[in-house]
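The values are calculated or read from the model by the stated rules, or taken from the named source; none is laboratory data. Treat the numbers as computed from the prediction; the structure is a model and nothing was measured. Neighbour counts are summed over all protein chains in view; Cβ atoms, including those assigned to glycine, are modelled from backbone coordinates with ideal geometry. Ligands, DNA and RNA are excluded from the accessible area calculation, which covers all protein heavy atoms including side chains. Shrake-Rupley method; radii C 1.70, N 1.55, O 1.52, S 1.80 Å.
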Amino acid sequence: MLDTKGICSGYHGVTVIKSLDLSVGHEVFAVLGANGAGKTTLLATLARLLPLTEGELWFAGEDISRVSPWVSAAKGIGYVPQEKGIFPGLTVLENLFVGAMIGTRSRDERLDEVIALFPDIGARRNQLAGTLSGGESRMVACGRALMQDPKLLLLDEPTAGLSPKYVDNFFDKIREIHQNRGVSIILAEQNATKALEVADRVMVLSLGEASEVMDAADVTTDKLKEGYRI
Ligand SMILES: Nc1ncnc2c1ncn2[C@@H]1O[C@H](COP(=O)(O)OP(=O)(O)OP(=O)(O)O)[C@@H](O)[C@H]1O
Ligand SMILES: [Mg+2]
């Protein structure tokens with residue numbers, strides 16, 4: 001579904017992602033790595049928000065290396081950034097409707113599905129998104145991306161800083177989104193234990209360089225340490 005060939009990207013002439021080859025299919029694929037490893041940089045590059053300085057990015061058989069972010073979204077890549085990822089001055093409903101600007105399926109049908117997945121935000125549909133809690137904001141950001149009917153969802157640390165109960169609930173939703181809606185997921189995550197519970201395959205980034213890709217079921221502490229270079 002998504003293939004990268006020797007991609008490099010970074011900021012102001014500094015290369016963060018260093019010649020990465022990646023092939024993600026119909027699966028939940030976790031990208032682990034310490035603070036500063038390059039997870040956000042990688043996801044922003046895949047979402048076309050950062051330019052590739054080298055290499056190629058392919059999605060569903062098309063070269064999308066140079067397309068703009070809205071084209072990438074229209075082709076089926078949904079992106080939930082690490083920060084809240086909401087429009088604070090819009091209501092919950094208005095935030096969700098922004099996602100529905102892409103795609104042709106009935107807006108109300110999509111809304112019903114998102115609210116069935118995240119009932120808590122349905123109850124707050126008329127609240128300004130800027131007044132939501134951290135966990136509620138994450139659900140709205142994820143709901144907005146799902147309103148786009150994506151084929152691939154990029155989730156950047158969706159549970160960082162949230163309470164254990166919320167974390168467990170959100171990881172259940174990740175599995176549900178994949179299994180029930182058929183959406184492939186790339187999940188950037190610090191929480192290796194939780195990521196290994198939901199992922200099919202994992203990779204560890206360390207200073208922008210990738211470890212071997214491992215089946216989640218085969219991951220051992222030693223292999224993880226090797227990936228983290230500790
Ligand atoms: N806008 C920017 N300008 C310059 N350097 C940046 C910028 N954003 C990130 N970096 C640098 O790129 C490197 C990778 O950062 P990135 O945010 O991708 O890491 P991360 O793995 O997502 O970390 P975290 O787990 O803390 O979110 C870091 O060294 C960071 O300082
Ligand atoms: Mg990050």
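Quick notes on this one:
- Complete set of residues in the range 83-116 that are assigned to a helix (DSSP H, G or I) and over 15 Å from residue 148 (Cα atoms): 92, 116
- Output for the range 7-40, where each listed residue is open to solvent by less than 10 Å² (accessible area, probe 1.4 Å), within 18 Å of residue 65 (Cβ to Cβ) and β-branched (Val, Ile, Thr): 7, 17, 24
- Some residue of the range 128-141 being modelled with pLDDT of 95 or more, surrounded by 15 or more Cβ atoms within 10 Å (Cβ to Cβ), part of a loop (DSSP other than H, G, I, E, B) and under 19 Å from the mean Cα position of the chain (by Cα): no
- Test: residue in the range 66-81 that is of a type in the set (A, V, I, L, M, F, W, C), open to solvent by less than 30 Å² (accessible area, probe 1.4 Å) and in contact with a Cys (Cβ under 6 Å, 6 or more places away or on another chain): yes
- Every condition in (1) touching a strand residue (DSSP E or B) at 6+ places or on another chain (Cβ under 7 Å); (2) of a type outside the set (Val, Ile, Thr); (3) within 16 Å of ligand 2 (Cβ to nearest atom) is met by residue 63 except one, and the failing one is (3).
- Hey, residue 4 among the polar types (S, T, N, Q), open to solvent by less than 10 Å² (accessible area, probe 1.4 Å) and within 24 Å of residue 219 (Cβ to Cβ) or not: yes
- Scanning the range 174-190 for residues that are charged (D, E, K, R), in contact with a Leu (Cβ under 8 Å, 6 or more places away or on another chain) and open to solvent by 10 Å² or more (accessible area, probe 1.4 Å) yields 176, 181.
- Look at (1) free of Cβ contacts under 8 Å to residues at least 60 places away in the same chain; (2) within 16 Å of ligand 1 (Cβ to nearest atom); (3) open to solvent by 40 Å² or more (accessible area, probe 1.4 Å) and you find that residue 103 fails only one, number (2).
- Within the range 145-162, being closer than 15 Å to residue 92 by Cβ and either within 15 Å of ligand 1 (Cβ to nearest atom) or touching a residue at least 60 places away in the same chain (Cβ under 8 Å) (or both) holds for 145, 146.
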